[in-house]
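Engineer: One structure, pasted below without further comment.
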């Protein structure tokens, strides 16, 4: 039988146990039998591929001779036939001379958010399994993303959002016909509500890191950066970090590239967090996990008390010789104006945290002027206009 994907198995990032594709759905049953509120997830699964076959296939044609889409599909855990019809990815990657940096603008995805990448694979998985409903917790971007991708494929989306989520994001959810539940409290409360819902309904749960395809979906941006950059790694990729899943996804992209012989050196990853939502930064600094005390920030997309993927996020920083940094709301706001006025890119606050982080990293000497730096822009500014 001809294989249309080079996926091999799932492997637990905590204990290393391996599982066949449909042997497990969410977390490693040995390391995390039940979801535990107030703690990062353990037993998060990582997709493992037939890397030698990938290396051989890419060598036959030459990796630069693949179209961007075909190159990314080589590393996909799902077959193209199951993907929803709404196109995702292939977003702009270009240099901004005025700031001496490169931008990967994922705000130009269909729902104006990076989160479309994870939603695309979750919808594809629902189609593969014949499941007609997907549940999700979100501060807004994953919600509007899942609503859009589900609408394109005729699948029901059930969304749990904090009641104070940005109005524009909630409007998107409603426009696409999703079932919206507003939750009193924070993103962490919405995460718990989505978990409780999926436990009693016949559906998939899209909660980040809980379903491993959320990480696989997000890794496609890293694959695109590599291919669009002439099949080489930049020196740094700067990533806004809340629950740590985007960071893990970008890390996974370059790990897969390395395992298949496409590169030797990983790009260094800089995780940028809001000062009040700094659980991953503190974990990286101290070596011990502790919840963020009071995550209140204008950057709602990275406002998380208990980041679900904290363990992998810290691993990603360490394995890439990267770093984590905190930025204030004032610094995020100033970077939002700078990005809009110097590059023409209007991004939401969580995205402009990356530029604020770059300023600090250059000031401290962590990043040098002669290094290639990529800012990952994850959401459009019109999705959250607070402060204007």
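The values are calculated or read from the model by the stated rules, or taken from the named source; none is laboratory data. Just so we're clear, the structure is a prediction, and the values are computed from it rather than from any experiment. Methodologically, a virtual Cβ is constructed for each residue, glycine included, from the backbone with ideal geometry; neighbour enumeration extends over all protein chains shown.
Engineer: Kindly check whether there is at least one residue in the stretch 273-291 that is modelled with pLDDT of 95 or more, closer than 22 Å to residue 234 by Cα, crowded, with 24+ Cβ neighbours inside 10 Å and in contact with a helix residue (DSSP H, G or I) (Cβ under 7 Å, 6 or more places away or on another chain).
Structural biologist: So far as the stretch 273-291 goes, yes, one or more of its residues are modelled with pLDDT of 95 or more, closer than 22 Å to residue 234 by Cα, crowded, with 24+ Cβ neighbours inside 10 Å and in contact with a helix residue (DSSP H, G or I) (Cβ under 7 Å, 6 or more places away or on another chain).
Engineer: Given the residues 77, 20, which is the only one that is outside the structural domain of residue 263 (by TED's automatic domain parsing) and buried (at least 18 other Cβ atoms within 10 Å of the Cβ)?
Structural biologist: Of the residues listed, the single one that is outside the structural domain of residue 263 (by TED's automatic domain parsing) and buried (at least 18 other Cβ atoms within 10 Å of the Cβ) is 77.
Engineer: Checking residue 125 against (1) more than 26 Å from residue 299 (Cβ to Cβ); (2) surrounded by 24 or more Cβ atoms within 10 Å (Cβ to Cβ): exactly one of these is not met. Which one?
Structural biologist: Result: residue 125 fails condition (2) only.
Engineer: Another one. Looking at 8, 2, which is the one that is touching a strand residue (DSSP E or B) at 6+ places or on another chain (Cβ under 7 Å), farther than 22 Å from residue 288 by Cα and either assigned to a loop (DSSP other than H, G, I, E, B) or modelled with pLDDT of 95 or more (or both)?
Structural biologist: Exactly one residue qualifies, and that residue is 8.
For every residue, the table says whether it meets (1) without any contact (Cβ under 8 Å) to a residue 24 or more places away in the chain; (2) assigned to a helix (DSSP H, G or I); (3) surrounded by 19 or more Cβ atoms within 10 Å (Cβ to Cβ).
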{"site": "15", "(1), (2), (3)": "no, no, no"}
{"site": "38", "(1), (2), (3)": "no, no, no"}
{"site": "60", "(1), (2), (3)": "yes, yes, no"}
{"site": "70", "(1), (2), (3)": "yes, yes, no"}
{"site": "94", "(1), (2), (3)": "yes, no, no"}
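Engineer: May I pose another question? Tell me, please, whether a residue that is without any contact (Cβ under 8 Å) to a residue 60 or more places away in the chain and not assigned by TED's automatic domain parsing to the domain that holds residue 169 can be found in the stretch 369-385.
Structural biologist: Yes, the conditions are met somewhere in the stretch 369-385.
Engineer: Only one residue in 141, 164 is at pLDDT below 95 and either over 19 Å from the mean Cα position of the chain (by Cα) or surrounded by fewer than 23 Cβ atoms within 10 Å (Cβ to Cβ) (or both). Which one?
Structural biologist: After ruling out the rest, the residue left standing is 164.
Engineer: Something else now. Please give the number of the condition residue 156 fails out of (1) touching a strand residue (DSSP E or B) at 6+ places or on another chain (Cβ under 6 Å); (2) under 21 Å from residue 306 (Cβ atoms); (3) surrounded by 16 or more Cβ atoms within 10 Å (Cβ to Cβ).
Structural biologist: Of the numbered conditions (1) touching a strand residue (DSSP E or B) at 6+ places or on another chain (Cβ under 6 Å); (2) under 21 Å from residue 306 (Cβ atoms); (3) surrounded by 16 or more Cβ atoms within 10 Å (Cβ to Cβ), the odd one out for residue 156 is (2).
Engineer: For the stretch 337-358, state whether one or more residues are part of a strand (DSSP E or B), in the same structural domain as residue 281 (by TED's automatic domain parsing) and either over 16 Å from the mean Cα position of the chain (by Cα) or in contact (Cβ under 8 Å) with a residue 40 or more places away in the chain (or both).
Structural biologist: yes
Engineer: How about the stretch 315-332: which of its residues are more than 18 Å from residue 286 (Cα to Cα), out of contact with any helix residue (DSSP H, G or I) (no Cβ under 7 Å at 6 or more places or on another chain) and in contact (Cβ under 8 Å) with a residue 12 or more places away in the chain?
Structural biologist: 328, 329
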